[in-house]
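Everything below concerns the one structure shown next.
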Amino acid sequence: MNKKTVNKTNNYEIVEQEKFKNDFYQQNHISYDKIDKELFLPNTKKSQPDVFLNYKKYSYWTNVSKSLITSPLFIISLLILVAVFVSMFVFSFNKEAQPSIGNPGTSPAFSSKEHWFGLGFIGEDYWNEVWIGTRMTTLLTIAIVAFQLVIGLFIGSIWGYFKKSDLFFINVINILNLAPTLIFILLIITIMGAHFMPIVIAISIQSWIGFAIATRVQIMIIRNNDYNVMSNVLGTNPFRIMVKNIIPKIAPVIVSIGAFAIPDSISWDTSLSYLNFGFVDGIHTTSLGYLLQYTLNSNKWIQFPNLIIFPTLILVIISFSFFLLCHRISDSLNPKNHNKVYSAITRRRRK
């Protein structure tokens, strides 16, 4: 490199520096040469942060489990239901609602040490008969509620998320609601027979409608939230959005509706038995609905109140325990009711 090239380079750098200083002065109204050059030196010392973030890891299902375990209402309700379930299978296993050999009488009897619930209408041990009826009524209730929740949740989710399905499901529901519920159920039972599954199907055909409508409304409320819209824009599968984003949000509502569906299903057993459309014969097997219907048709319950007290007491215990259990689960599934385990900020001044 010759001297002319070096001089040209130096002159170019001087011109650029002068231009930079002029521009700097026009923008900041201060001369560049008056700025302390130490402000532009890199800081090699390790500085301490002014703020420390101390936080606990948040887990949704951990908070749900903690909320349930620490709830006395949930523990008591669960223990009661477990005791009822164990009793109805232990005391009704391989037994029939028939009089025992030692009690061939034809009239009821009060409670005693040998027969805690007394004797039934044909001298049967009322303890065994009540638990047999509890088992059959509980199985019927669980089957009806399961059908109602599964069908209602599935149809309600599609109906609420996909707007184009509105017209189809509205027409289907209008057609199903044309027939009165009781007449519709009795017609199906008459055609298919008064057995366990036909009764479950007959009741479930219309019982899912209210649950599907409630699910649709809840999904419509939250489907247009920002995180759901962003997931949709990014191409996330609608099924994944439904399972990951929407269903957990509406889980408390689902459980609450299920709590009210259990007493309704039990009442259907009683109503159908009263109309002689029950699925039990009262000899080899029975249900709580049949026991109540058979007892109320006779005036012997006035003389022997144990005939109606014990079946009614079991129904109240099951319904109330299920309601309290579902209510507590619903509260635990709601993130707003969780303990606020958020980051706690501790400020420290630099020394």
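The values are calculated or read from the model by the stated rules, or taken from the named source; none is laboratory data. Fair warning: this is a prediction, and the values are worked out from it, not measured in the lab. All Cβ positions, glycine included, derive from the backbone under ideal geometry; neighbour counts span all protein chains shown. Accessible surface areas use protein heavy atoms only, side chains included; no ligands, DNA or RNA. Shrake-Rupley method; radii C 1.70, N 1.55, O 1.52, S 1.80 Å.
Quick notes on this one:
- Qualifying residue in region 221-237 (condition: hydrophobic (A, V, I, L, M, F, W, C) and touching a Ser or Thr at 6+ places or on another chain (Cβ under 8 Å)): no
- From the list PHE20, PHE24, PHE52, PHE74, the one residue that fits, being at pLDDT below 65 and surrounded by 10 or more Cβ atoms within 10 Å (Cβ to Cβ), is PHE52.
Residues are listed down the side, and each one gets a yes or a no for (1) open to solvent by 90 Å² or more (accessible area, probe 1.4 Å); (2) in contact (Cβ under 8 Å) with a residue 60 or more places away in the chain; (3) in contact with a Ser or Thr (Cβ under 6 Å, 6 or more places away or on another chain):
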position	(1), (2), (3)
THR141	no, yes, yes
LEU149	no, yes, no
GLY156	no, yes, yes
LYS163	yes, no, no
LEU178	yes, no, no
LEU186	no, yes, no
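- Long-range neighbours under 7 Å by Cβ, at least six apart or interchain, first residue within 23 Å of ILE191 (Cβ to Cβ) within region 270-298, second open to solvent by less than 10 Å² (accessible area, probe 1.4 Å) and among the charged types (D, E, K, R): SER287/ASP269; GLY289/ASP269
- Residue check for PHE168: out of contact with any Lys or Arg (no Cβ under 9 Å at 6 or more places or on another chain), part of a helix (DSSP H, G or I) and closer than 27 Å to VAL253 by Cα: yes
- Some residue of region 116-135 being buried (at least 23 other Cβ atoms within 10 Å of the Cβ), closer than 30 Å to VAL217 by Cβ and at pLDDT 85 or above: no
- Matching residues in region 291-313 - criterion: being touching a Ser or Thr at 6+ places or on another chain (Cβ under 9 Å) and over 20 Å from THR137 (Cβ atoms): LYS300, PHE304
- Residue tally, condition of a type in the set (Ser, Thr, Tyr) and closer than 22 Å to TRP61 by Cβ, over region 237-269: 1
- Members of region 84-103 found to be open to solvent by 50 Å² or more (accessible area, probe 1.4 Å) and modelled with pLDDT of 85 or more, listed by number: PHE85, VAL86
- Any hit, region 189-207, residues being open to solvent by 70 Å² or more (accessible area, probe 1.4 Å) and in contact with a helix residue (DSSP H, G or I) (Cβ under 6 Å, 6 or more places away or on another chain): yes
- Failed item in (1) at pLDDT 85 or above; (2) small (Gly, Ala, Ser); (3) touching a His at 6+ places or on another chain (Cβ under 9 Å), with ALA259 passing the rest: (1)
- Among the residues making up region 277-296, those that are open to solvent by 40 Å² or more (accessible area, probe 1.4 Å) and modelled with pLDDT of 80 or more are PHE277, TYR290, TYR294, LEU296.
- Subset of region 297-325 [surrounded by fewer than 18 Cβ atoms within 10 Å (Cβ to Cβ) and hydroxyl-bearing (Ser, Thr, Tyr)]: SER298, THR312
- Scanning region 208-217 for residues that are surrounded by fewer than 20 Cβ atoms within 10 Å (Cβ to Cβ) and over 14 Å from LEU176 (Cα atoms) yields a count of 2.
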